[in-house]
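The structure under discussion appears below in the form of structure tokens.
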Amino acid sequence: MPVITFTVRCGLSASQKSRLSEAMLEAQVAAGFERNDLFHRFLEVDPSDLLVDPRYPGYETDRTDRFVLVEVIISAGRPAGTAATMADEAVRLFGERLHLAPQDILFVFQEVDPHLPRFPAVEPRGGRSCLSRRSAISSP
């Protein structure tokens, strides 16, 4: 279950957010995730709150005010190349659909333990939950 946070400078339209999200979702599917695995969040910040070097790590063209920081949290243990596939496909799609240059996109991936509960347990009708409160907060 990838959780994606897009950090952008203020002013991104709803349409642009939708196109970024759709392109990212397609990149997730290309990397082996299900299409309905959609958890995207947008953080808009003032220009003074998103400071980046214009050319690091050696771009020949400066970054623009359209710079997007894409933070991706995924479960550890995914097949080798999952993150690279997702990032490469997203960069391609962001370029095609939103005309973002590669230097205006930065991906940061973080892996988390896949065994941690992520959603509250769903209690079946007329029965008890499979995940008790004690097991959710206690260690073995």
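Key figures for this structure:
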| read-out | value |
| --- | --- |
| Computed E for A30/D65 - FRET, C-beta separation, R0 25 angstrom, nearest 0.05 | 0.30 |
| Chain lengthening between I73 and R92 when straightened (0.36 nm per residue, less Cα-Cα) | 4.8 nm |
| Convex hull volume per residue in cubic angstrom - Cα atoms of the stretch 1-97 | 112 Å³ |
| Low-density loop cleavage sites - GluC sites (Glu not before Pro) in the stretch 1-84, where at most 15 other Cβ are within 10 Å (DSSP) | E34, E60 |
| Length added when fully stretched, L43-T5, from 0.36 nm per residue minus Cα-Cα | 13.0 nm |
| Förster-model FRET efficiency, 22 Å R0, S18 and V52, C-beta, rounded to 0.05 | 0.35 |
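Every number here is computed from the coordinates shown, using simple stated rules; none is lab data. It should be emphasised that the depicted structure is a prediction, and the values quoted were computed from it without experimental measurement. Quick reminder, even Gly has a Cβ in these numbers, built from the backbone with ideal geometry, and neighbours come from all protein chains shown.
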